[in-house]
Structure formats: structure tokens, C-alpha cells
Amino acid sequence: MPFDHNDHYHRLLLRRLPKDGRTALDIGCGTGRFARRLAGRGYEVDALDPSAEVIAEAEAVGGGPRFRQADVTATDLPEGHYDVITCLASLHHMPFATVTRLRAALAPGGALLVLGCYAGVTPRDLVAVPANAAARVAVHVADRLRDAPPPLKAPVRRPDMTLAAVRTEAGRLLPGSQVRQLLFWRYLLTYHA
């Protein structure tokens, strides 16, 4: 079976969940795969995405989360409510300062977990270029062999912040946060309230 980037990153975030968390907010939930994993861990999950099409697909599958079409930059979030807020490959679709709204919605001891995308190429990323291409081909071939329906395409926007800029802004807006560089132009931002 080919390497599944999403499953790898999901497991990375799941290992960082608060021990006694009960409430979760998944921002940019797409069709709800990660939101369902959170619900499977016993969380009461609110899952938001601005796309009506992907929310309709997420609701059709079900699985426990409360799915809602919403733009997190314009939606009122309950202050100090969520034990964990996740944002997978969606923060670059909105102003980075949105993290301050997410920080305010965290319960004391809560965690903000961002799997983000950054712009630019670092020396470490150059190693990832052929590996990324090979992984994409392997997944495509496996899907064709299984006659899998094509996945619903989420809107794609290239990130405009470099990793250095992400680290600078995270340090300014989320004091005490950590930003770890990952392969495939990704980073993991963790912040604890």
C-alpha cells in the first residue's frame, strides 16, 4: 500500500491531543475525515469548512461531528470553549492572524494544532521533491487499480508565507508556540493555552 500523507499527518496530530480533552473544533474540515477521527476518540467535534459542497459530502458520510458551512474568519467562536482546535492544510487560505481568534476559543490547557503549508524551498524541501512526485504517482496508480472514484477537489491556494515568516508570526501572536518543519512544504505548529 502506498504511503498515505493524510494518515501520517493525522497520526502526528492525534499523538498531540490533550489527555483529558472533550471538545474539539476542526477548521477547514473538508469532507470530515480528521473530524471523524477526533469523534472516534470521544471528542464532541464542531467541524467547519467554507465550502458547501464538501460539507454536504461530510454530512452524507456522517460519523459524529457537527458539520457546518462557515468561514472561521467571520464566525463567532465561543471564548475559552475548545480543548483542542485543529487546522489541517487550511490556515494558508486565511490571514495568519486568524490564530488569535482560535487562541481565544481555547479552553485553559487547550491545544491549537496546525498542520500548515509554507511557501518557498529550503534545502530540506529539495530532498522532498522526488519523494513527493513518487508518492503522488503511487497513490494515483493504486486508486486507478481499485477503481476508486476521484476525490472531491478542495479549493487550492498556494501558501504565501515562508517558514521563517510563519515562525516569526507564530512567536508574535502565539507566545510559547513551537513550529516544526516537516517534509513536503509542511510545518506543525503547536500552542498550549
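The values are calculated or read from the model by the stated rules, or taken from the named source; none is laboratory data. This is a predicted model, so every value here is computed, not measured. So basically every Cβ, Gly included, is an ideal-geometry build from the backbone, and we count neighbours across all protein chains shown. Just so you know, the surface numbers come from the protein's heavy atoms only, side chains and all, with ligands and any DNA or RNA stripped out. Shrake-Rupley method; radii C 1.70, N 1.55, O 1.52, S 1.80 Å.
Ordered by 1.4 Å accessible area with all protein chains kept, Thr190, Thr73 run largest first as Thr73, Thr190. Excluding ligands, DNA and RNA, the accessible surface per residue across region 23-104 is 43 Å² with a 1.4 Å probe. Spin-label model, Ala60/Asp20: points 7 Å from Cα along the beta carbon direction are separated by 4.1 nm. If Rh is defined by the Kirkwood formula over all Cα pairs and Rg also comes from Cα, what ratio Rg/Rh do you get for region 40-100? My calculation puts Rg/Rh at 0.95. Remark: region 71-110 is approximated by an ellipsoid whose semi-axes, taken from the C-alpha gyration tensor as √(5λ), come to 17, 11, 8 Å, largest first.
The smallest convex shape that holds all Cα atoms of region 1-124, its convex hull, gives 131 Å³ per residue. If you average the sequence gap of Cα pairs under 8 Å that are 6 or more apart and divide by the length of region 1-115, what percent do you get for the contact order? Reported as a whole number, the value is 27 percent.
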